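Let me begin by presenting the structure, written as structure tokens, before commenting on it.
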Amino acid sequence: MEKRIPVVVIKELNDTEKILSALKAYGINCAEITFRTACAEEAIRLACKEFPDMEIGAGTVINAEQCERALKAGAKFIVSPGLSESVAAVCKRAGVPYYPGCVTPTEIMQALELGITTVKFFPANVYGGLKAMKALSAPFPQVKFIPTGGVNNDNLDEFLSWDKIAAVGGSFFVEAALQQTEKK
């Protein structure tokens, strides 16, 4: 898994190639395309076709129907803002990683019962950030976290330096990649 997961919101399908090309030029070969726009499914399909060497996933997946659509479009991983047992079941059947949002001990225990050991910690800044994840890792040493929300270039290295961080997610990667592309 890539350590940097850009959270990509595609509002217009024709933005897909521009954004993913910028991410590749920025050195990131992964994208979590959020399922919160009308063209998300098409954007995932296009991204998987045009960028086969990139790990394309679907984010903001909140139910089994969205999950199935994302997987049919080619998504290689699924991310949710919370934990959905139905999404977990679809991903398990498909053999695709699922990263549900879990910020409480109860949610983490539910994820573990489903066989999930890597969870999204969202919104990280609201739920205590690195300090909270370190506290949660005491009773759950097998869990790895993907903090998203409140992570930025100023604190990125601090998050990535901890061994319980599987990856860091954020839209700030997209902004940085696009800015770098515009400067060229």
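Values as computed for the structure displayed
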item: Among residues of the stretch 68-93, those that are of a type in the set (Gly, Ala, Ser) and surrounded by fewer than 16 Cβ atoms within 10 Å (Cβ to Cβ), counted; result: 3
item: Pairs with Cβ under 6 Å, 6+ apart, first in the stretch 100-119 and of a type in the set (Asp, Glu) and part of a loop (DSSP other than H, G, I, E, B), second at pLDDT below 95 and open to solvent by 10 Å² or more (accessible area, probe 1.4 Å); result: none
item: Residue count for the stretch 120-131, restricted to those that are touching a strand residue (DSSP E or B) at 6+ places or on another chain (Cβ under 8 Å) and farther than 12 Å from Gly149 by Cβ; result: 1
item: Neighbours by Cβ (under 8 Å, 6+ apart or cross-chain): first from the stretch 17-41, closer than 9 Å to Pro6 by Cα; second assigned to a loop (DSSP other than H, G, I, E, B) and modelled with pLDDT under 95; result: Ile28/Glu2; Cys30/Met1; Cys30/Glu2
item: Complete set of residues in the stretch 46-67 that are β-branched (Val, Ile, Thr) and surrounded by 22 or more Cβ atoms within 10 Å (Cβ to Cβ); result: Ile56, Val61
item: Residues located in the stretch 166-183, provided they are touching a residue at least 60 places away in the same chain (Cβ under 8 Å) and out of contact with any Asp or Glu (no Cβ under 8 Å at 6 or more places or on another chain); result: Ala166, Val168, Gly170, Ser171, Phe173, Val174, Ala176, Ala177, Leu178, Gln180, Thr181
item: Of all residues in the stretch 10-29 being touching an Asp or Glu at 6+ places or on another chain (Cβ under 7 Å) and either surrounded by fewer than 21 Cβ atoms within 10 Å (Cβ to Cβ) or among the aromatic types (Phe, Trp, Tyr) (or both), the one that is nearest to Glu182 (Cα to Cα); result: Glu17
item: Of residues in the stretch 120-146 being part of a loop (DSSP other than H, G, I, E, B) and in contact with a Ser or Thr (Cβ under 8 Å, 6 or more places away or on another chain), the one nearest to Pro81 (Cα to Cα); result: Phe122
item: Within the stretch 108-155, tally of residues that are open to solvent by less than 60 Å² (accessible area, probe 1.4 Å) and of a type in the set (Asp, Glu); result: 0
item: Any pair with Cβ under 8 angstrom, 6 or more apart, that starts in the stretch 126-144 at a residue that is closer than 18 Å to Ala166 by Cβ and ends at one that is among the basic types (Lys, Arg) and in a loop (DSSP other than H, G, I, E, B); result: Met133/Lys164; Lys134/Lys164; Ser137/Lys164; Val143/Lys164; Lys144/Lys164
item: Residue satisfying condition, being more than 16 Å from the chain's Cα centre (by Cα), within 28 Å of Leu114 (Cβ to Cβ) and at pLDDT 95 or above, within set Lys76, Lys11, Lys72; result: Lys72
item: Check on Glu65, closer than 25 Å to Ala176 by Cβ and acidic (Asp, Glu); result: no
item: When residues of the stretch 73-118 are limited to those that are in contact with a helix residue (DSSP H, G or I) (Cβ under 7 Å, 6 or more places away or on another chain) and hydroxyl-bearing (Ser, Thr, Tyr), the one farthest from Ala40 (Cα to Cα); result: Ser86
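The values are calculated or read from the model by the stated rules, or taken from the named source; none is laboratory data. All of these numbers come straight from a predicted model, not from anything done at the bench. Neighbour counts run over all protein chains shown; Cβ positions are idealised from the backbone, glycine included. Areas reflect the complete protein model, heavy atoms only, side chains present, ligands, DNA and RNA absent. Shrake-Rupley method; radii C 1.70, N 1.55, O 1.52, S 1.80 Å.
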